[in-house]
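The values are calculated or read from the model by the stated rules, or taken from the named source; none is laboratory data. Since this is a predicted model, take the numbers as computed values, not measurements. Heads up: the accessible areas ignore ligands, DNA and RNA and are worked out on the full protein's heavy atoms, side chains in. Shrake-Rupley method; radii C 1.70, N 1.55, O 1.52, S 1.80 Å.
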Amino acid sequence: MKRKSVMKSLAIVLSLAISTIVLPSGFTTASASKMNGKCCQSSDGGRSYRYRMAMQRAAIPHTCSAYGASCIRNSAAQPDGVQMCGVAKSLCLQSGVYVGPYSGRHFAGMQKM
């Protein structure tokens, strides 16, 4: 009698073990990131810091005037901020390449507006 109940328990445990191994991928838990064909998307629904910063940067128009205005806003503490940003904007209007007056970063392909 005892041997029969042990065999039944063993059969149940084995069937559960086999069924968890053979589960199709549709029933497995979702991973932290998924591929959408372009890049990894976070599973937090777009609330991650990286995603928000990328969307914020993408919202800035890529024109010489917009970069000059954002330079003036960001360099309010600098005594020569307006003058330096104005020179950077005028050089951008001539060449189409905005060079940050304080960072030295080059942003090519600007619209001359």
- Item | Failed criterion for TYR102 (all others in (1) in a loop (DSSP other than H, G, I, E, B); (2) modelled with pLDDT under 80 hold) | (2)
- Message: Looking at ALA88 and the list (1) open to solvent by less than 60 Å² (accessible area, probe 1.4 Å); (2) at pLDDT below 80, which single condition is not satisfied?
- Response: (2)
